[in-house]
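**Student:** The structure that follows is given in the form of structure tokens.
The values are calculated or read from the model by the stated rules, or taken from the named source; none is laboratory data. In this text the structure is predicted, and so the values were computed from the model without any measurement. Every residue, glycine as well, gets a Cβ built from its backbone with ideal geometry; the counts of neighbours run over all protein chains shown. Please note that ligands, DNA and RNA were not included when accessible areas were found on the heavy atoms of the full protein model with its side chains. Shrake-Rupley method; radii C 1.70, N 1.55, O 1.52, S 1.80 Å.
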Amino acid sequence: MKNIYVLVADDEYRIRKLLSEFLVREGYKVIEAADGEETIDILFNAKTKVDLVILDVMMPKYDGWFVLERIREFSTVPVVMLTARSDEGDQLRGFKLGADDYVTKPFSPSVLMARINKILKKDRSDNDDILFGAIRMSLKSREVFIEDEKIELTPKEFELLRYFIENKGIALSRDKILNAVWNYDYFGDLRTVDTHIKQLRSKLGHYSYYISTVRSIGYRLDIENENLD
């Protein structure tokens, strides 16, 4: 894990130090930011290499939502949102803006480290292309092409499509999709899956039929779905 940098952005000193201690123990390098403006300055500094961002929602100067939007304008770096609120609307907002995970305070540092390790391990193993029908996914550049025309996906839409392709032909429940793509057990409303799939289908255009709804189960990706109507 040499030279893997994690940016911890939180206005609470004790939270930054707690996370830094655990991250260093796991072998990561740590950069700290105390507010949204400092976070953006660090990320826009071409000399600074950041492999993952832990981003607090409630920060001075610029809040986490604003920072996340600015990040997604130029980068696909993994972002884990950190907040004292557990409101489902906030979680859906974070995922829609491109967050990779969402953790509420108080949290277990060891559980958070497990999620970070999983995200970074997946990110380091992404070196090949995945092909499915008219779709080509470049895991290295995190770009998606349909018939060689690039389409813009959020990081979560990218991971959702990847998960479908890696499990093509299999009926996947919403619970299973959440646990695989969002990296944690989700309790409550499963609308976040439906929302992301609706957005993904829209971006697939003519090939939206690849993703079919499986009654009483969830969804399935299959080229033959076009013949099921």
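**Student:** I'd like the antiparallel share, as a percent to the nearest 5, of DSSP beta bridges with both residues in the chain.
**Tutor:** That works out to approximately 50 percent antiparallel.
**Student:** Extending each Cα 7 Å along its Cβ direction at I165 and F66, get the distance between those two points in nm, one decimal.
**Tutor:** If labels sit at I165 and F66, their model points lie 3.7 nm apart.
**Student:** What three numbers, in Å, describe the spread of the alpha carbons of the chain along their principal axes, ordered from the longest?
**Tutor:** 57, 37, 30
**Student:** Assuming R0 = 30 Å, what is the FRET efficiency of T213 and F44, from their Cβ-Cβ distance, to the nearest 0.05?
**Tutor:** Details: r = 42 Å, r/R0 = 1.39.
Between T213 and F44 the formula returns 0.10.
**Student:** Over the chain, with a Gaussian network built from C-alpha contacts below 10 Å, which listed residue (T192, T104, T154) shows the highest mean-square fluctuation?
**Tutor:** Top of the fluctuation ranking is T104.
**Student:** Another one. Too long at a 27 Å Cα-Cα cut-off: which of K96/K150; K49/K168; K121/K168; K47/K105; K29/K203; K17/K156?
**Tutor:** K49/K168; K47/K105; K29/K203; K17/K156
**Student:** Let me ask you something else. Round to the nearest 10 and report in Å² the accessible area of K203, as given by a 1.4 Å probe over the protein chains' heavy atoms.
**Tutor:** Taking all protein chains as shown, K203 has close to 80 Å².
**Student:** Calculate what fraction, in whole %, of the accessible area of the chain sits on carbon and sulfur atoms when a 1.4 Å probe is rolled over the protein chains.
**Tutor:** Carbon with sulfur: 48 percent of the solvent-accessible area.
**Student:** While we're looking at this one, here's another question. With the Cα gyration tensor of the stretch 1-79 giving a ≥ b ≥ c as the square roots of its eigenvalues, does the rule (a/c under 1.5 for rounded; else a/b larger than b/c for prolate; else oblate) give rounded, prolate or oblate?
**Tutor:** oblate
**Student:** Oh, and also: Ordered by packing density, taken as the mean number of other Cβ atoms within 10 Å over each peptide's residues, highest first, how do 37-43, 62-68 rank?
**Tutor:** 62-68, 37-43
**Student:** Let me ask another. Against the longest alpha carbon principal axis of the chain, how many degrees, from 0 to 90 and to the nearest 10, is the axis of helix 109-124 turned?
**Tutor:** 60 degrees
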